Amino acid sequence: MATIATHQRVEQSIAISTRIDNRIRETYVTSYPPAPWHMHGSMWLSVYRLGHHVDERHPKGIYAVALVDYTDPSPLTYHELLSARVITASNGKKAVSVVDIWVDSPDSVAGGRTLWAIPKGLAKFSGGASTKGPLATHTWEASHDEGPIATARFSDVTQLAPRLPMKGNVEQPGIEEHPDTAWLTMDGRARLLPAHGSWNFDPDGPLAYLRDATKIGSFRGKDFEIAFG
Ligand SMILES: CC(=O)CC(=O)O
């Protein structure tokens, strides 16, 4: 894998699998900005309590599952589905650790994996949106080569909310492209309000472990501006 910095972007060939078992990998030539990434967009998020240990990567605990639409003027625009667990990081601070994550941009896969050990894979996203006065409704479907992952439907009036500060920490265990533990901060602002959110995690898909988790609440974050890095 060669990396060359050109015009403030990193150009990199990376082998990405759209299958969980990594059996089939395709090579993509990618280009992504250096850290920090100044991202803009919207997100739809629910918090779940998983009451039992599923496997080493999915111990019991509090998980956030989110759909994100990164839009212009972000340096990369893409859709994302992720689950992240709330942890106490190795420095003793509260943080989240991204467990499962898919995007529809090979550039984002390469940047996320190489800069911060975020284990991004590729997926396809579709959906729709409608509004009725201040009420916005969004539907989403996400799938990868092995089949559907999840669908979601959210309704919210977040456009009425003021923009407030949003901060957080992320700690990632090392992966092939970034073998050391990675630490990154998120710092920005967003309009954020509770929302009505419902999810269907495909029973044969990689988020099936959330099917018997208990939903604690849902939120929509709109018009966010956030620096990751
Ligand atoms: C830091 C990032 O890689 C942003 C994202 O979650 O896509």
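Annotations for the structure displayed:
- Qualifying lysines (Cα of each under 18 Å from Cα of Lys94; at least 8 residues distant if same chain): Lys60, Lys167
- Across the alpha-carbon set of the range 151-229, the Rg to Rh ratio works out to 1.06, Rh being the Kirkwood radius.
- A simple spin-label model places pseudo-atoms 7 Å from Cα toward Cβ; at Thr27 and Leu160 they are separated by 5.5 nm.
- Counting DSSP beta bridges with both ends in the chain, the antiparallel % (nearest 5): 95
- Accessible area of the range 43-182 divided out per residue, in Å², using a probe of 1.4 angstrom: 46
- Additional length obtainable on full extension of the chain from Glu141 to Glu11, 0.36 nm per residue less Cα span: 43.8 nm
- In percent, rounded to a whole number, the relative contact order of the chain is 20, using alpha-carbon pairs under 8 Å and six or more apart.
- nm² value of the averaged projected area, convex hull over the Cα atoms of the chain: 12.3
- In the chain, the portion of solvent-accessible area held by carbon and sulfur atoms comes to 53 percent [1.4 Å probe, whole percent, DNA, RNA and ligands not counted].
- Spin-label model distance (nm) - Asp180 vs Asp55, 7 Å beyond Cα toward Cβ: 2.9
- Extension gain (nm, one decimal) between Asn91 and Asn200, 0.36 nm per residue minus Cα-Cα: 35.7 nm
The values are calculated or read from the model by the stated rules, or taken from the named source; none is laboratory data. Small disclaimer: the values here were computed from a predicted structure and weren't measured. In this analysis, Cβ positions are derived from the backbone assuming ideal geometry, glycine residues included, and neighbour counts consider all displayed protein chains. Quick note on the areas: whole protein, heavy atoms, side chains included, nothing else; ligands and nucleic acids left out. Shrake-Rupley method; radii C 1.70, N 1.55, O 1.52, S 1.80 Å.
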